[in-house]
1. Hey, what angle do you get for helix B:122-147 against the long axis of chain B, alpha-carbon based, 0 to 90 degrees rounded to 10?
2. Test of understanding: ordering A:113, B:160, B:77 by Cβ neighbours within 10 Å, fewest first, what list do you get?
3. Volume per residue, Å³, of the convex hull around the alpha-carbon atoms of the range B:29-164?
4. Would you mind pulling out the separation of the Cα centroids of the range B:49-108 and the range A:100-138, in Å?
5. Choose one answer from A:69, A:27, A:11: the residue with the largest mean-square fluctuation in a GNM of chain A with alpha-carbon springs under 10 Å.
6. Which of the aspartates and glutamates could a cross-linker bridge to residue A:89, judged by Cα under 14 Å and excluding same-chain residues fewer than eight apart?
7. Does anything in the range B:70-99 have its amide N under 16 Å from the 7 Å Cα→Cβ label point of residue B:140, and if so which residues?
8. Which value, in debye to the nearest 20, gives the size of the charge dipole of the range A:40-144 about its Cα centre, when Lys and Arg are +1 and Asp and Glu are -1 at the Cβ?
Amino acid sequence: MPQSLFSELSLIYVSFSVLALYAPAVLGALALAFFLYRRHSRLERRRQKHARLRRDIAQRGQARRKRLLLASQRGNIRELARLVHGQLKTRQRELTPYQAQRASAFIERAVVTVDFDRLYALHVLFDSNDAQQVSPAVETFFEHTR
Amino acid sequence: MPLPENIARFVARLINTMKTESADWQLAHQADLDKLREEKLVAEQELKQRLELMEIRFKEECKRARLEEERQTENFTEFLASIDDMKANMLEYYGAMPKPMALMIHHHAAELLKDAWHNPDARERLRNQSRFTSLMLAVTEDLTDLSRDGAQPKALPEKTIAFMQNKIE
């Protein structure tokens with residue numbers, strides 16, 4: 001059937017034309033990769049691998065020290081968070097439910113992000129304001145920390 | 001004679017000529033080829049030896065680097081422990097000192113330590129190392145003043161607080 005012969009032939013021609021279009025690009029890419037690989041001698045490649053290994057060792061060491069520091073800082077800020085939580089509980093009646101919930105979430109987030117300075121500021125705020133002042137002070141605090 | 005046969009003969013003759021030429025050339029340059037082969041073998045041996053030596057040197061270097069990192073981490077852990085001890089001592093010896101203040105001093109020291117070890121700028125690192133040492137010195141002086149006989153006991157570690165407020169460099 002001429003119709004099916006045409007479609008078969010067109011399929012072959014199209015595939016060959018696609019191959020003819022892309023084959024040089026693929027071959028070029030392969031040649032470039034091979035050239036880049038062979039550009040350095042075996043000694044040079046070994047030296048580069050060694051430099052990479054040294055860098056990895058240093059980075060692993062630094063990452064470990066950072067983790068240790070973070071753990072220490074978290075331990076410290078958790079103690080402050082416990083204190084501020086205590087203050088929040090005693091001051092809960094003087095705050096709106098939204099403010100209390102927001103302060104509680106803020107304390108938890110401060111521990112996660114090790115935001116000591118702002119948590120300390122909240123502690124000072126609870127510590128230095130009396131019953132009437134604490135709610136507006138908390139409102140202002142959260143306006144500033146937004 | 002049909003055309004394909006002609007082409008076949010031509011191709012066969014061409015291959016034959018090329019083979020003969022190549023054999024003649026190899027025969028004429030046999031000595032050079034042997035020499036080259038020998039030089040290649042020597043070069044391969046040398047490369048192998050150099051790679052082996054390099055491998056040994058690199059393994060040693062990696063081992064040293066790992067040990068150095070371990071040592072640095074140990075030092076760092078000791079510094080962290082000293083900060084924790086400092087906080088505990090402050091809370092123990094200054095009975096009237098509010099706990100958040102001790103926590104603040106701990107945080108300040110930890111931040112200085114972080115910058116002293118991890119700041120990408122070497123000059124900043126050095127500056128923070130010196131500031132960290134000064135802070136720890138101020139803490140030690142405050143604690144020593146407390147235990148000095150005849151001295152009026154202070155309610156707060158004044159030198160440490162002054163240092164943190166940048167009054168003392």
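Values quoted throughout were computed directly from the atomic coordinates according to the rules given, and no laboratory measurement underlies them. All of these numbers come straight from a predicted model, not from anything done at the bench. Glycine gets a Cβ as well: all are built from the backbone with ideal geometry, and neighbour counts include every protein chain shown.
1. Relative to chain B, helix B:122-147 is tipped by roughly 30 degrees.
2. Working: A:113 11, B:160 26, B:77 15.
Arranged by neighbour count, lowest to highest, A:113, B:160, B:77 become A:113, B:77, B:160.
3. Here the figure is 140 Å³ per residue.
4. 32
5. A:11
6. Qualifying aspartates and glutamates at Cα under 14 Å: A:127.
7. B:78-87, B:89-90
8. On the way: 22 positive and 11 negative charges, 357 e Å.
In debye, rounded to 20, the range A:40-144 gives about 1720.
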